[in-house]
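What follows is a set of notes on a single structure, which appears directly below.
We did not get these values from a lab; they are worked out from the coordinates using the rules stated. This one's a predicted model, so the numbers in the text were calculated from it and none came from an experiment. Cβ placement follows ideal geometry from the backbone for every residue including glycine, while neighbour counts extend to all protein chains displayed.
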Amino acid sequence: MILYNVTINIDQSVHDKWMRWMQTKHINDVLATGKFISARMIKVLVEEEGSMTYSIQYTAESKEMLDRYYEEDAPRLRHEGLSLFGDKMLAFRTELLVISEFFPQSALQ
């Protein structure tokens, strides 16, 4: 599995509008591409003046599926965020390969 991690720093002045857009539209639009099997939104716990940082993690079954997302969907979906929030939003992306996952033994029973 591949984790496609998008870390976003969002200016406080547009935070609430951005949060509504992310939770009601954008993440659903990304999932609707059919390229990902799940997504989660995580708040990065750092103290920042005037902005907040989030990590949105999308799970893809393969690198090929992520590459298809880049080719077929990413430009359109990224453009929407840029047109709505411009320089009030800074994003960077990371691809992560899941090697293995571990859970407490009690969770497996």
Over what distance in Å are the Cα centres of segment 10-68 and segment 79-109 separated?
7
Please enumerate, by chain and number, the aspartates and glutamates with C-alpha under 19 Å from the C-alpha of residue 43, excluding those fewer than 8 residues away in the same chain.
11, 16, 95
Taking each pair of different alpha-carbon atoms in segment 2-108 once, compute 1/r for the pair, average those values, and report the inverse of that mean as the Kirkwood hydrodynamic radius in Å to one decimal.
14.9
In segment 16-109, what GluC sites (Glu not before Pro) fall in a loop by DSSP, with at most 13 other Cβ atoms inside 10 Å?
47, 48, 49, 61, 101
Excluding same-chain residues fewer than 8 positions from residue 35, which aspartates and glutamates have a Cα within less than 13 Å of its Cα?
61, 64, 67, 71, 72, 73
Taking the Cα centre of segment 2-108 as origin, sum charge times position over the Cβ atoms of Lys and Arg (+1) and Asp and Glu (-1), and report the length of that vector in debye to the nearest 20.
240
For the pair residue 96 and residue 48, what calculated FRET efficiency results from E = 1/(1 + (r/R0)^6), where r is the Cβ-Cβ distance and R0 = 22 Å, to the nearest 0.05?
0.40
Whichever lysines have a C-alpha closer than 16 Å to that of residue 25, once near sequence neighbours (fewer than 8 apart) are set aside
17
Could you work out how far helix 63-72 tilts from the main Cα principal axis of the chain, as a 0 to 90 degree angle to the nearest 10?
30
Starting from 0.36 nm per residue, how many nanometres of slack lie between residue 72 and residue 32 once their C-alpha separation is accounted for?
13.2 nm
Rounded to the nearest 10, the angle in degrees between the Cα long axis of helix 74-85 and the longest principal axis of the Cα atoms of the chain comes to 40
